[in-house]
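Since the structure comes first, as structure tokens, the remarks are kept for the end.
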Amino acid sequence: MEERTTLEVIAPTVEEAISQGLAQLGLPAEAVSVEVLDSGGKGFLGLGGRQVRVRLTLNADPETAPASQSESAPASQPKPEAVPAPAAESRPAAENDRLLNMAEEVVSKMLHLMKLEAQVSARYDEPDRNGRQAVYVDVRGKDLSVLIGRRGETVNAFQRIAALIVSKEMEQWVRLVVDVEGHRGRRERQLRQMARRMAEQAVKTGRRQTLEPMPASERRLVHMELHDHPDVETLSVGEDPYRKVTIKPKNS
């Protein structure tokens, strides 16, 4: 029996899952059979509920795969391919990862409750020095500036809540990073540039330079950026939420 192409899709509703699957396959509805694998469900405090999961199976084409065709058909006989092999092979691995699925579902549900429309995808970030990996959740959509907030304050709070819910559901602490439209990457570049510029100013004037108050993650980035600087050193001063980084010339 000939093995037919299948694709599993996760989405908030069955209709959306089928629509996304057909778009990925580039096929009309009559060209596939649909099986609902998971009808979804509610989660902790109404958040983090399971999304639905459906399987789309490519129907046999009588012109290219007749019912009488046997497994001993010549190897050169082409088989219909709906999607490139790498994408079809890599997708199930991500979909079957419970932690990534949970992160996507929780963030999607929170966005829905905030009445924001966005595409959410989760992956593992690069390991840190201790080999630990964070779950990186990328949020893309229109008019999401309200989710970022002033200096990223809103998305940082959103991230903390999402991490708590995911950790509760997984019964272990999960380090979660939520990025909105590449905001964190842009902010990181700005902080690195500012740190180098203020370090040059400190060396030039011989006086300490104090940066604006920042969350711990951003202060850590400044410390790391100037850690190997030959002429300045950094320290954090003050109390949260007004704690800030001071850059001072060495031996001053």
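Odds and ends about this structure:
- Checked across region 196-219, the condition of being more than 25 Å from GLY141 (Cβ to Cβ), hydrophobic (A, V, I, L, M, F, W, C) and assigned by TED's automatic domain parsing to the domain that holds GLU117 holds for no residue.
- Subset of region 142-176 [surrounded by fewer than 17 Cβ atoms within 10 Å (Cβ to Cβ), within 28 Å of GLY131 (Cα to Cα) and of a type in the set (Val, Ile, Thr)]: ILE161
- Options ALA118, ALA82, ALA88: the member that is at pLDDT 85 or above, buried (at least 16 other Cβ atoms within 10 Å of the Cβ) and not assigned by TED's automatic domain parsing to the domain that holds GLY21: ALA118
- Of all residues in region 212-226 being out of contact with any Asp or Glu (no Cβ under 9 Å at 6 or more places or on another chain) and either of a type outside the set (A, V, I, L, M) or surrounded by 14 or more Cβ atoms within 10 Å (Cβ to Cβ) (or both), the one that is farthest from VAL177 (Cα to Cα): GLU212
The values are calculated or read from the model by the stated rules, or taken from the named source; none is laboratory data. These figures come from a predicted structure and were not determined experimentally. In this analysis, Cβ positions are derived from the backbone assuming ideal geometry, glycine residues included, and neighbour counts consider all displayed protein chains.
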